[in-house]
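*Asks:* The structure is given below, and queries will be raised subsequently.
A short reminder: the numbers here are calculations on the coordinates, not readings from a lab. What you see is a predicted model, and the numbers here were worked out from it, not measured in a lab. Counting neighbours? That spans all protein chains shown, and the Cβs are built from the backbone with ideal geometry, glycine included.
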Amino acid sequence: MSIRKPALAIMLFAMMLVPLVYTATAEGQPAPPTINTSWIKGDNGLNEHAYTVTFADNASYQIELEITHLRNGEALANEAFISWSSVDGKRTARAVTNSTLSWGDEVTVTVDILSWDGTVLAEPLETSRSFTVGTWNQPMADHEVLLKTSWDLDQTYMTEDGEQGFSLAFNGQGWQMREGVVLNSWELGNGTLTTLENTDDSSTNLTLNLDSIWKNETVQSGVLTSQVFDAKGSGLLHLVTFDGTSESEITANVSQGWFNRSMIDGDLSERLRIEATGDLEIIDTDENDQETLNVTGDISVFFLETWDENGVRKLQHTQFEALADMRLSEDDFAMDISLDGLTVLERWEEGVRTAEKNELVGKGTFGLNDEDDNASITINGTIHDFHVLTEDGLTVIDDLHMDGTITGDAQGTFGIVRTIEESGMQANATQVEFMVNVIHQDTWFNITGINGGDFFDGQGVGATHNESWDYQVVQSDWENRTVRLVWIETGADPSNGDERPENSPVQRNATQPETEEILGNITISRETGLMPIPLIPGDIVRLADQEGLSLLITAESTGNDPRDGFNLHVVNWVGAYENVGTASGSIVDQGPLMGLLSSVNRVLELPYGEGNESANFTESQVVERIVSPSVITAENNTAPSLVELYVVEGVMYGEGGSAGTLVAHISDAEFNIESVLVDLSPIGGEMTVLNDRGLDGDTTVGDNRFSTRILVPGLEVGNISVNVTATDAWGLTATGTGAIEVINQGPRLHALEILPDTGPRGAIMIVNAQAYDGHGVSTVEIDLRELGGELVPLINTNGVWAGNFTVPESIVPGQQALTFVLTDNLGQRTFTTHWHADGMNTSLQSIYGPHHISDQVMEEISINVLNTPPSITNPGVLSIIRQEQSRIVVLEVPISDYDGVLVARANLGVFTSFTSQDTWQTMYDDGTNGDEIAGDGIYSVEMQVRNSIPLGTHEILIQASDVFGEVSPTESLAVQLTKDDGVLPGVEGSFISTGVLVGLLAVCAIAGAAVIFVSIRNRPENQDGEDRFGFK
């Protein structure tokens, strides 16, 4: 055994005993006490300004305690109240002073021990502690650090209606910088937002991918002066609603979701915007699970925007537009409805409704089969037009046109035509006048025959006709809107009347939307409050300046926390939230970063919603980089370098045509870049600072990709080189060069007129246009080639490009966009169907440059092509010989139309077959029914020439409709029916004189008119006098 080993052990044991011997016996002196903050909640609910003095043992002590409290260099009077106790076998004294703390105060606590364990000390033992009152996680010295943060806010719980949930997750970088008394902090990253809500009759699920979450706070002299939280993203909205046997489902793609909450100088603002498109489906079933209702549609616009300011709703804009097809079927009934337009729009600004629109446009068909006592009927109906429109709170359109036929063992017709006939002033029952719409409704129900059964409650053959005039106030928000009702009814139970209802109208104004907290009362801040800088082990501090988020922290031990390649000296601490939750971390206690959290972990519950619910919040945050003060020596520092320079959008357009994000990727081993500058003078700019702090186009904090937004206001074109200079904290610089590709922007139209802009095919239209390009405009042309025309050049005269074009024969009727081709003097072409309506906006030119043409208001270049009806070629007087036997003669008439003939028909008059019940007969061009050649444009119909038809001239009417429903005027053809010898009686000295013949024709005309009049009265017509096929 080595002799040295026991000797070394004895020496180490003796060294361990030295402190004990000294504490107990060294000149009879006690060990110095420790002084810790005890800023905890007092009886009044506020933090006490108190300190705990902990002694080395449990002996008795007599002390003098002095608290020097300076504010702005002046001492504050205070008085301390001391209470004694024993904790963990050690004597403690807790001193509570009557002064209050404020950010920036300087405090010194001095303790003099006068006696110890009953023995008066020869010299008082003095211990003191000095610190600055700062704010949690806010060092007093100027600094700049980068942070890495991830947090998750989750609320998931079960109710009797099912699972409910709210989740918000974030990952990103942060940045904190102090300059003087102003401390700014930023966080930028991305995340996800998910909400789930189930009720007894609905389920709503919203999932957003937030590609940008931004948070900024500014603290001045320890006081929070501004806070901004901003989130943007896109995702999916799924809504299912249950109503008995009906299930409605909306699946919407959210193209833009934006939420912003800001507090600036005490003013709280919240803004929300959601834009989406999607699909609509509604299904209803009967007790046998057979589908009775099916609605499918496309949601073209779903838009919601709100803005609340200090609890007052300043703006709300809601807009919904959709198209849908509906099929309703049950037993022997079926209905098909096509909703061509469903629009809901409402906008409120400062409590005033500035826009409102509700419109429903549709049409469709329906049918019913019914049986009774071995009899049956079929009802077929057509909804030609259903159109309701209110705009700005006024009823503008109220149209309904439907009719139908009854066939089978009962025959008849029915219909309704409803429209606003006129508007004007009308008195109500109390003779007060109001502006009203006179809504005229014409209803008829005609039974023309009954062969059996007991249909329509036994109503027999006859006609019922009702006309009513409803005088409704124009205000769509009012109630009891009818101030006068006039009606006339004929039929089995005739009646008429003129009434003015009592208590009409009831005036009701639209209700202003109320403010709603989008995220409930969830705070988006963290705990904060005053703290001593530096913090030392044993300190207890209640951080209570964030409402609803008080944290009591206890400092435990010191240690080292490696960050950014360096060991930060820290104090480790733990804490408990007053609601539910814990936190722990480490805080710097040495150097200029004293008071900065180097790491922190939080797990807590936050109050949420209106039902005293709570959400779980977890967070992890660490210091990732120390920018300043520098922890790198000059000897260890290396110069930065430019890795690459690029434009995020790929290219730029000259003449202020586009804005882009310029990024300089800088490499620096020590991560201490102070500034990055780019010289944009080659593209008409100036020396510009780039940033890596999530500002001005930068997407990620601290990724060494420095960014700025740029544009090219001048006429530069091609690959243009720019110089970049990067400088680090020690003044070392690096320069590099990169290229920006600038595309020549083609000419732009900024003034345009087309006269006329409405006309049929073959019409000539005059065009006057003005175009601008910084390089000069070479040509302006109208490209009609895709519309069946040619490339039409315009001539420049004193800056106005003028010309004319002919509307092509093959163009489709309706609104048609025109394509303009513009070429500048460098050969750059622009193909456009729009022109810049606000043109040379001087205010925007001051930003984007003198060559900028505003595109904020773009108007489509279009003309309205009128549809012309089919053209019927009258063959002149046709001569037909009446023979002894009845025979079939084919009538041939040339009919043409640009768009194609959909229907051609003929009223053959006396030549109509006895077997036909229709007045109008279909004409054919398909090689059947007497037509010789299919598709030759000659339409044929078979006439029955009977030997009983009187000799003479007879009229045949021809009418046609094209594929767009345009109906031609009725064309009258004369048919001369002669005997075999071809002589017309009464002409050229025959049986009657010409005068007698004229008289007979007049009588026939009167009789024919009477027949037509009776026919019209008994045939359902729409308000334009057209039948259900659109014919007159």
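*Asks:* Among 214, 573, which comes first, then next, by fewest other beta-carbon atoms within 10 Å?
*Replies:* 214, 573
*Asks:* Continuing with this model, one more query. Which angle from 0 to 90°, rounded to the nearest 10, does the C-alpha axis of helix 994-1017 make with the longest principal axis of the chain?
*Replies:* Helix 994-1017 sits roughly 30 degrees off the main axis of the chain.
*Asks:* Looking only at Cα atoms, what is the convex hull volume of the range 748-866 per residue, in Å³?
*Replies:* Each residue corresponds to 95 Å³ of Cα convex hull volume.
*Asks:* Among 292, 250, 262, whose Cα sits farthest toward the positive end of the charge dipole of the range 246-334 (+1 at Cβ of Lys/Arg, -1 at Cβ of Asp/Glu, about the Cα centre)?
*Replies:* Of the options given, the answer is 262.
*Asks:* Neighbouring Cβ atoms within 10 Å as the yardstick, rank 933, 754 fewest first.
*Replies:* 933, 754
*Asks:* While we're looking at this one, here's another question. Pop out the ³J(HN,Hα) list for the range 560-565 in order, Karplus 6.51 cos²θ - 1.76 cosθ + 1.60 with θ = phi - 60°, rounded to Hz; leave Gly and Pro as x.
*Replies:* For the range 560-565, the Karplus curve yields 10, 10, x, 9, 6, x Hz.
*Asks:* Let me ask another. Got a sec? How would 148, 215 order by Cβ neighbour count within 10 Å, fewest to most?
*Replies:* Arranged by neighbour count, lowest to highest, 148, 215 become 148, 215.
*Asks:* Can you return the aspartates and glutamates within cross-link range of residue 148? Criterion is Cα-Cα under 13 Å, with same-chain partners fewer than 8 residues away left out.
*Replies:* Of all the aspartates and glutamates, those that pass the test against residue 148 - Cα under 13 Å, at least 8 places apart if same chain - are 187, 564, 619, 624, 703.
*Asks:* State the answer as a single residue: which of 571, 379, 210 lies farthest towards the positive end of the charge dipole of the chain, with beta carbon charges of +1 for Lys and Arg and -1 for Asp and Glu, about the Cα centre.
*Replies:* Projecting each Cα onto the dipole axis, the largest value belongs to 571.
*Asks:* What does the charge count near residue 774 come to, summing +1 for each Lys or Arg and -1 for each Asp or Glu among other residues with Cβ under 15 Å from its Cβ?
*Replies:* Within the 15 Å Cβ shell, the charges total -3.
*Asks:* What percentages, rounded to whole numbers, describe P(r) for the range 386-489 computed over all alpha carbon pairs with 5 Å bin width beginning at zero?
*Replies:* All Cα pairs considered, the percentages come to 3, 11, 18, 17, 13, 11, 9, 8, 6, 3, 1.
*Asks:* If you put +1 on each Lys and Arg Cβ and -1 on each Asp and Glu Cβ, how big is the dipole of the range 748-866 around its Cα centre, in Debye rounded to 20?
*Replies:* Rounded to the nearest 20 debye, it is 100 debye.
*Asks:* Given an 8 Å cut-off on Cα distances and at least 6 residues of separation, report the relative contact order of the chain as a percent.
*Replies:* 6 percent
*Asks:* Follow-up. With axes computed from alpha carbons, what is the tilt in degrees of helix 4-25 against the longest principal axis of the chain, rounded to the nearest 10 within 0 to 90?
*Replies:* It works out to around 90 degrees.
*Asks:* For the chain, restrict the atom set to alpha-carbon positions and state the Rg and Dmax in Å.
*Replies:* Spelled out, the Cα radius of gyration and Dmax of the chain are 45.1, 169 Å.
*Asks:* Next up: If the only charges are +1 at each Lys and Arg Cβ and -1 at each Asp and Glu Cβ, what is the size of the charge dipole of the range 530-628 around the Cα centre, to the nearest 20 debye?
*Replies:* Dipole magnitude for the range 530-628 comes out near 320 debye.
*Asks:* Rounded to the nearest Å, what's the spacing between the alpha carbon centres of the range 396-430 and the range 560-589? Just the number, please.
*Replies:* The range 396-430 and the range 560-589 have Cα centres separated by 78 Å.
*Asks:* Restricting everything to alpha-carbon atoms, can you work out Rg to Rh for the range 28-135 with a Kirkwood hydrodynamic radius?
*Replies:* Using only Cα positions, Rg/Rh for the range 28-135 is 0.99.
*Asks:* Show me the three semi-axes of the equivalent ellipsoid for the range 302-411, from the C-alpha gyration tensor (sqrt of 5 times each eigenvalue), largest first, rounded to whole Å.
*Replies:* They are 44, 14, 10 Å, listed largest first.
*Asks:* Working out 0.36 nm times the residue gap between residue 469 and residue 220, then minus their Cα-Cα distance, what length gain in nm do you get to one decimal?
*Replies:* 82.6 nm
*Asks:* Please list the three semi-axes, largest first and in whole Å, of the ellipsoid equivalent to the range 153-351, using sqrt of 5 times the eigenvalues of its alpha carbon gyration tensor.
*Replies:* 43, 19, 14
*Asks:* For a quick protection proxy, order the peptides 827-836, 690-699 by their average other-Cβ count within 10 Å, most packed first.
*Replies:* Peptide ranking by packing, descending: 690-699, 827-836.
*Asks:* Okay, moving on. Which parts of the range 354-390 would a label at residue 917 reach, counting a residue when its backbone N lies under 19 Å from a point 7 Å out along Cα-to-Cβ?
*Replies:* Counting only backbone N, you get 367-372, 375-382.
*Asks:* Any idea how far apart residue 766 and residue 320 come out in nm if each label point goes 7 Å out from Cα toward Cβ?
*Replies:* Going by the 7 Å Cα→Cβ label model, 4.9 nm.
*Asks:* Given H placed 1.01 Å from N in the peptide plane, which residues other than close sequence neighbours of residue 784 have an amide H under 5 Å from its amide H?
*Replies:* It is 790, 791, 792, by chain and number.
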